[in-house]
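First up is the structure itself, then whatever we jot down about it.
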Amino acid sequence: MNDARREELSAGLAATEARIRDACRAAGRDPSEITLIAVTKTYPASDVRLLAGLGVQDVGENRDQEAAPKASECADLGLTWHFIGQLQTNKVRSVVAYADLVHSVDRVRLVDALSREAVRADREIGCLIQVSLDPAAPTSGGVAERGGVAPTAVPELAEAVARAENLRLRGVMAVAPLGQDPGPAFARLAEIARALRNDHPGADVVSAGMSGDLDEAIANGATHVRVGTALLGRRKPFVR
Ligand SMILES: *Cc1c(COP(=O)(O)O)cnc(C)c1O
């Protein structure tokens, strides 16, 4: 049972790593520049453990209710946990206990809550500003359908993170807009990331690309790809 699952995950990992290598070769980049985050949402802690055994070091989750018990079951594995989903302020205390990076920072209130809880927990949390790449998104204030702030709002939010105690500004994250060629969207993200690095040289993470578009993301400078389906299989529809 476990052996069969290990085989499946091993095949998914090999195929994903081959895709990353090919995309890097095509872009003239070194695969060591890319961090593969295994998005384990809806899959059990036993899969996280198998993936860790196969060499995966970074895990992504998008719901605290699911991630918190999984992270504590896997606490012995020394993994880096990435919180990649929209984050409500009432979940921040729980998330700060296990997450090393939060990819979905999209408002000052969340920055304040993360900082307060990080200080309380005596932890440092890496923060990525989630950017909306949907041209139809609101240009100021508000959060777009696929999450994130308008590009024009990035500098101010980045300043808030950079000033906040126990938070470290690490870069940007985005999801490509649905139903559009992801290439131009990721190119836009690369420009936003470059501008951010101008003001904050240490903020060098570009979290972009999922199972369907990691190749385009790598072509456009992604440093972190978030891969679920291609590694673990198609997720069952989520039942609340
Ligand atoms: C689920 C999820 C992913 C992984 O998506 P796949 O298409 O399964 O690879 C990546 N990023 C975010 C923000 C997600 O919620």
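Nothing in this text is a laboratory measurement; each read-out follows from the coordinates by a stated rule. Computed from a predicted model, the values in this text were never measured in an experiment. All Cβ positions, glycine included, derive from the backbone under ideal geometry; neighbour counts span all protein chains shown.
Look at the alpha carbon pairs under 8 Å that are at least 6 residues apart: their mean separation over the length of segment 140-240 gives a relative contact order of 20 percent. Placing unit charges on the Cβ atoms only, positive for Lys and Arg and negative for Asp and Glu, gives the chain a dipole magnitude near 440 debye about its Cα centre. Per the Kirkwood formula applied to alpha carbons, segment 2-232 shows a radius of gyration over Rh ratio, Rg over Rh, of 0.95.
With N counted as the residues of segment 24-102, its alpha-carbon radius of gyration over 2.2 N^0.38 Å works out to 1.18. The shape of segment 148-219 can be summarised by an equivalent ellipsoid whose semi-axes, obtained from the alpha carbon gyration tensor, come to 24, 12, 11 Å from longest to shortest.
If you run the Gaussian network model on the chain, springs between alpha carbon atoms under 10 Å, then out of A14, A23, A71 the most flexible one is A14. Diagonalising the gyration tensor over the Cα atoms of segment 80-172 and scaling each eigenvalue by 5 before taking the square root yields semi-axes of 22, 13, 11 Å, largest first. For the pair K236 and D100 in one chain, pulling the backbone fully straight at 0.36 nm per residue adds 46.3 nm over the alpha carbon distance.
Distance between the 7 Å Cα→Cβ label points at A26 and E124: 3.7 nm. Taking N166, N220, N90 as the candidate residues, the one with maximal mean-square fluctuation in a Gaussian network model of the chain, Cα springs under 10 Å, is N90. Only Cα pairs under 8 Å and 6+ residues apart enter the sum, and on that basis the relative contact order of the chain stands at 19 percent.
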